[in-house]
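Since the structure comes first, as structure tokens, the remarks are kept for the end.
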Amino acid sequence: MAQYKTFTTCGDNGPWVSKLILELPGVARANDVGQGSFSVYVERMDLEEGGIALAAEHHGGPKLPSRGFVPVLAVHVCDEKGNAAEAGTHVALELPECRLTKRIDGDVMRGYIRGLEYRVTQLAAIPAEVPGEAPVVGLVFDECAGDVCPALDGWRLDGMGTYAGIDMNYGWFEPNVAAINAFRALPGFFHKDPLPKKLPLVLWLHGAGEGQEPYRTVCGNKVTAISGPDIQEKLGGAAYVLAPSSPTFWMDPDGKGELVDDNQSHYVAAVKALVDEFVAAHADTIDTTRIYIGGLSNGGFMTCRMIADYPGFFAAAVPVCAPWVGDLATDEEYAAMAKTPMWWVQVDDDPIVTPKEHLQAAWPHLVAAGAQDLHATYYDHIEDANGAHLIGHFVWVQAYNDEPRTDLDGSLVRYEGFPVTLWQWVGKHRLA
């Protein structure tokens, strides 16, 4: 049987197979294949229980066996990485983002990594490379030869260790400094000074559903956006990203696996120990005056917990839909938090992290504690790229796309008099 590769896109709704790359037995030309040349069947496997996964479309509806035919949106000749070409020995099949192409599904409390097994059947003959010879027919592609995922370039997802007595996995991104400097040295519009020897570090903390396993942590909610060229440039041109995986939940006060809304975490010392070890291992290339922290939902809480316990360590903090219970925190905790510049992101109609008990309750305490560089982007509601109303809790989509730019009163956030976006603001901070 013939081989295929998957091409994974890390999107706002998680990773999905956006393309299949088929290896042909010979050369095909651009007009030799079309949308009706192949059919695609897939079975998504439950990697924990075995068998075909039962899954719902999006985050609701009935759970159905995750198998069936996937529409083919377009077909084109390409190279082995899926890049279009006039002629070549590979063909790319463009697929839609839907339940049958998702690598992770579940809900906000748990994401499940799925194994995708494809069977691609050739439906139309491909003319022979040499006129007069027999066309290529009857191909069946059912052996996966690997995955192409450009968003994971520079990432390692095999980090593990014991920190403050707790076993923890993690993923991390290390920028390609040589390649970036070569690009920055191009003449004309792109010319910029070389990167500094030491780069910032972003500690990013996942939500409740993305713990334990680094692939789920990094790809489940597009942490790869922070390693993408847009945010990297706003952080000064390049930055490390460290993404630890909680063994249970960050909002677990005793490590027993229960999510408790009491502002306590069993993992504070372990996360700090991981950061310290990571920084020590990259002592020549990480700028300790530019260590940033942020996170979404559960990770937004953990962001608050960390800056309360380690005041003055982080240069800036980004709590996104953070379930920090405003009236449970002490004056001492708020005084400690006020030492770190903060930009909160929240949606008024968030049904999970309700603003009244969290951001709205915490805000006056932060102001009273003397927080100076304090901002919050507060949305009435949020929409996706197609204008569809999203559940308010999913505001990390806006954060990853660097959309926040307004303050709590609706005015533009400014730094030294100039308007900035969320990640531009982060990148301008360093410890004194």
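The values are calculated or read from the model by the stated rules, or taken from the named source; none is laboratory data. Fair warning: this is a prediction, and the values are worked out from it, not measured in the lab. Please note: Cβ atoms are built from the backbone with ideal geometry, for glycine as well, and neighbour counts cover all protein chains shown.
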Q.
Condition (residue is polar (S, T, N, Q), assigned by TED's automatic domain parsing to the domain that holds Leu359 and under 21 Å from Thr354 (Cβ atoms)) applied to the stretch 229-241: is it met by at least one residue?
A. no
Q.
Looking at the stretch 197-229 only, could you name the residues that are within 21 Å of Trp425 (Cα to Cα) and loosely packed, with under 14 Cβ neighbours inside 10 Å?
A. Pro229
Q.
Quick check on this structure: which one of Thr354, Thr421 is of a type in the set (Ser, Thr, Tyr) and either in contact (Cβ under 8 Å) with a residue 24 or more places away in the chain or closer than 19 Å to Ala316 by Cα (or both)?
A. Thr421
**Q.** Residue, farthest from Arg103 (Cα to Cα), within the stretch 134-160, restricted to residues that are assigned to a strand (DSSP E or B) and β-branched (Val, Ile, Thr)
**A.** Val136
Q: Mind listing whichever residues of the stretch 307-332 are in contact (Cβ under 8 Å) with a residue 40 or more places away in the chain and part of a helix (DSSP H, G or I)?
A: Asp309
**Q.** Qualifying residue in the stretch 321-334 (condition: under 20 Å from Val271 (Cβ atoms) and in contact with a strand residue (DSSP E or B) (Cβ under 8 Å, 6 or more places away or on another chain))
**A.** yes
Q: Return only the number of the condition from (1) more than 20 Å from Glu210 (Cα to Cα); (2) assigned by TED's automatic domain parsing to the domain that holds Tyr215; (3) charged (D, E, K, R) that Glu129 does not satisfy.
A: (2)
Q: Residue by residue through the stretch 199-213, note down the ones that are out of contact with any helix residue (DSSP H, G or I) (no Cβ under 6 Å at 6 or more places or on another chain) and under 11 Å from Ser246 (Cβ atoms).
A: Gly209, Gly211, Gln212, Glu213
(Q) Checking Ala179 against (1) surrounded by 19 or more Cβ atoms within 10 Å (Cβ to Cβ); (2) part of a helix (DSSP H, G or I), only one condition comes out false. Which one? (A) (1)
Q) Which residues, counting only those in the stretch 104-138, are touching a Ser or Thr at 6+ places or on another chain (Cβ under 8 Å) and either under 14 Å from Ile21 (Cα atoms) or free of Cβ contacts under 8 Å to residues at least 60 places away in the same chain (or both)? A) Tyr118, Val120, Thr121, Gln122
Q.
Pull out all pairs, ordered by first then second residue, where Cβ-Cβ is under 8 Å, the residues are six or more apart or on different chains, the first lies in the stretch 90-103 and is over 16 Å from Val27 (Cα atoms) and among the polar types (S, T, N, Q), and the second is in a loop (DSSP other than H, G, I, E, B) and at pLDDT 95 or above.
A. Thr101/Leu95
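Give, as residue ranges, the strands (runs of 3 or more DSSP E) completely inside the stretch 12-129 that count at least 3 residues that are of a type in the set (A, V, I, L, M, F, W, C) and touching a Lys or Arg at 6+ places or on another chain (Cβ under 9 Å).
Values: elements: 14-29, 38-46, 67-70, 74-78, 87-94, 104-107, 110-122.
By residue number, 14-29, 38-46, 87-94.
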Q. Can you name every residue in the stretch 305-346 that is over 20 Å from the mean Cα position of the chain (by Cα), surrounded by 21 or more Cβ atoms within 10 Å (Cβ to Cβ) and under 25 Å from Gln424 (Cβ atoms)?
A. Met306, Ile307, Phe314, Ala315, Trp324, Met337, Ala338, Thr340, Pro341, Met342
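Are any residues in the stretch 230-248 of a type in the set (A, V, I, L, M, F, W, C) and touching an Asp or Glu at 6+ places or on another chain (Cβ under 8 Å), and if so, which ones? I'd like the intermediate steps shown before the answer.
First pass over the stretch 230-248, keeping only residues of a type in the set (A, V, I, L, M, F, W, C): 231, 235, 238-239, 241-243.
Ile231, the sole residue that qualifies.
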Q: Return only the number of the condition from (1) exposed (fewer than 11 other Cβ atoms within 10 Å of the Cβ); (2) more than 30 Å from Leu95 (Cα to Cα) that Gly138 does not satisfy.
A: (2)
Q | All positions within the stretch 357-390 that are in a loop (DSSP other than H, G, I, E, B) and either within 28 Å of Asn13 (Cβ to Cβ) or touching a Gly at 6+ places or on another chain (Cβ under 7 Å) (or both) | A | Glu357, His358, Asp380, His381, Asp384, Ala385, Asn386, Gly387, Ala388
Q. Among Ala92, Ala128, which is the only one that is of a type in the set (Gly, Ala, Ser), over 20 Å from the mean Cα position of the chain (by Cα) and at pLDDT 95 or above?
A. Ala92
Q. Residue check, Trp155 against (1) under 30 Å from Ala28 (Cβ atoms); (2) modelled with pLDDT of 95 or more, all met but one. Which one?
A. (1)
Q | Subset of the stretch 1-43 [under 20 Å from Thr121 (Cβ atoms) and among the basic types (Lys, Arg)] | A | Lys5, Lys19
**Q.** Residue satisfying condition, being modelled with pLDDT of 95 or more and either closer than 11 Å to Val345 by Cβ or of a type in the set (Gly, Ala, Ser) (or both), within set Ala432, Ala388, Ala399
**A.** Ala399
